[in-house]
Amino acid sequence: MADLWRTISERHGELLSALGQHIEISLIALMIAVVIAIPLAVWVQTHHKTAAVLLQVTGVLQTIPSLALLGLLIPFVGIGTLPAIIALVVYALLPIFQNTYIGLRDIDPSYEEAADAFGMSRLRKLFKVELPIALPVILSGVRTAMVMIIGTATLAALIGAGGLGTFILLGIDRNDAALTLMGALAAALLAIVFSWLLNVMQKVSWKVSVGVVAVAVLGMVGSQVYTYATAPKETITIAGKLGSEPDILINMYKELIQKADPDVGVTLKSNFGQTSFLYNALRTDKIGIYPEFSGTVLASLTKPSAAQQQQVTAGKDNYPLAKKLLAKQGLSYLKPMAYNNTYALVVKASFAKRYDLHTISDLGKIAPSIRAGFDLEFIDRQDGYKGIQSKYGLQFKVDSMDASLRYQALDRGQINLTDGYTTDAQLRQYHLVALQDDKGLFPIYRGAPLMRTAFAEKHPQLVAALNKLAGQITEKQMQTMNYAVSVKNEKAATVAHRYLVQHGLLKEVR
């Protein structure tokens, strides 16, 4: 509890900002869902077959996994707030539509007859009789949708929309329970508060309710107009994958860019998730830059020919081929850094000592007793578990798990083998050993900024600034920086700035 209060005290400014983002996304999604679902439910009161179809459709939409839906939306609408709102609206439609339809359908026929007897028009009867009677049931559906939206909106952080999910993802990634708990508790309290407010609105007149909603809408619109009016002439969005290392790198990119051109605004989108999210966002011009590794380029983002694959074997520089293949896609891959952040199979040092494990081949003698925990990307890659099976002839009992959880599972003894990267701070934190890749499966992973060629040609001064990182940062230096962020809980921006200053890439401002 002491850690939680300390974290809240240290990050109260960030918490308020994330809370504002979460409220904004949730309210916009709820209002759009209400505007769509309630009129639709009113219309289908006289079209029962259509109502049955729509109930089925909204029900099916709600079964789509939220992460999959966000991934599907990125190529069409990019990253940030828009895809998050669309996904939340999709999930909110069913409870609002269903409750409105049921609430109107179950009105006592005698009320309908009385309204007809008074000569009320269809519209007047709707607003004077039907909606007021059905209102409790409708608002029950709205409350259900609101709670669902606030909970699901935590995933918006995965696509750069911010919100309270940022702290949850950060806490999981850095094994910081206080950060995770802060984000989760804030989201839960927010859901309770909004549920209470909706209950209060049910008891007051509809005019007061409409007034409150109007004020909220005007406040959000005003905030967006102010943000747009005060924004720099050009804003570059730099995104990074999950983890401390991408977070450090994008903060370095930001400082170097702002030094080269102080008039350019830079927005950082950290903890973005899977490679495909970033790649699709870059190609659709939704982000400007993100750090990528040459091994990932060849394994996931391009399709080298058989001859090209033979030219680049594990242990040899694959950056030139990665750069060439990306250029064919209209993408520019800048000069790489020094370190090689390649894959590794990792075990606890005590486990390695007990079974005399030094290489991946050594695992063959204990393969039946291995229980591995790999992330989904590693399981599905040819330079991952598929390659382990084909090149080493090894088969393990494998559990799939999120990349941020695998080291904790290894430390707790829930698994005894996992995948990792050679610069991971957890190797030092948990006293782990990276087994030697004695058959040369894992290719070199050299990191460099990736951007569209059109963007690079438009900003030659920014390209020159980012190329200052070429040949910089050793594996030991990167692991030390990751340790500072993941274990010592230093801010990625602080660690990035310190490195740039210490290595003469940035002058300290006095």
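The values are calculated or read from the model by the stated rules, or taken from the named source; none is laboratory data. Keep in mind the model is a prediction, meaning the values are calculated, not measured. Cβ atoms come from the backbone with ideal geometry, glycine included; neighbour counts cover every protein chain shown.
Could you grab me the full set of residues in region 338-356 that are over 20 Å from Thr474 (Cα atoms) and in a loop (DSSP other than H, G, I, E, B)?
Quick first cut of region 338-356, residues over 20 Å from Thr474 (Cα atoms) only: 345-356.
Correct list: Asp356 only.
Going through (1) surrounded by 21 or more Cβ atoms within 10 Å (Cβ to Cβ); (2) in contact with a Ser or Thr (Cβ under 7 Å, 6 or more places away or on another chain) one by one, Val89 falls short only on (2). Among the residues of region 412-426, those that are within 19 Å of Tyr355 (Cα to Cα) and either polar (S, T, N, Q) or crowded, with 17+ Cβ neighbours inside 10 Å (or both) comprise Gln414, Ile415, Asn416, Leu417, Thr418, Asp419. Across region 367-422, the number of residues qualifying as not aromatic (Phe, Trp, Tyr) and not in a helix (DSSP H, G or I) comes to 32. Looking only at region 16-50, filter to residues that are farther than 23 Å from Leu190 by Cβ and at pLDDT below 90; which one of those is surrounded by the most Cβ atoms within 10 Å (Cβ to Cβ)? Top of the filtered list is Gln45. Every listed requirement among (1) touching a residue at least 60 places away in the same chain (Cβ under 8 Å); (2) part of a helix (DSSP H, G or I) is met by Gly447 save one, (2). Among the residues here, Asp285 qualifies as surrounded by fewer than 17 Cβ atoms within 10 Å (Cβ to Cβ) and closer than 25 Å to Pro83 by Cα.
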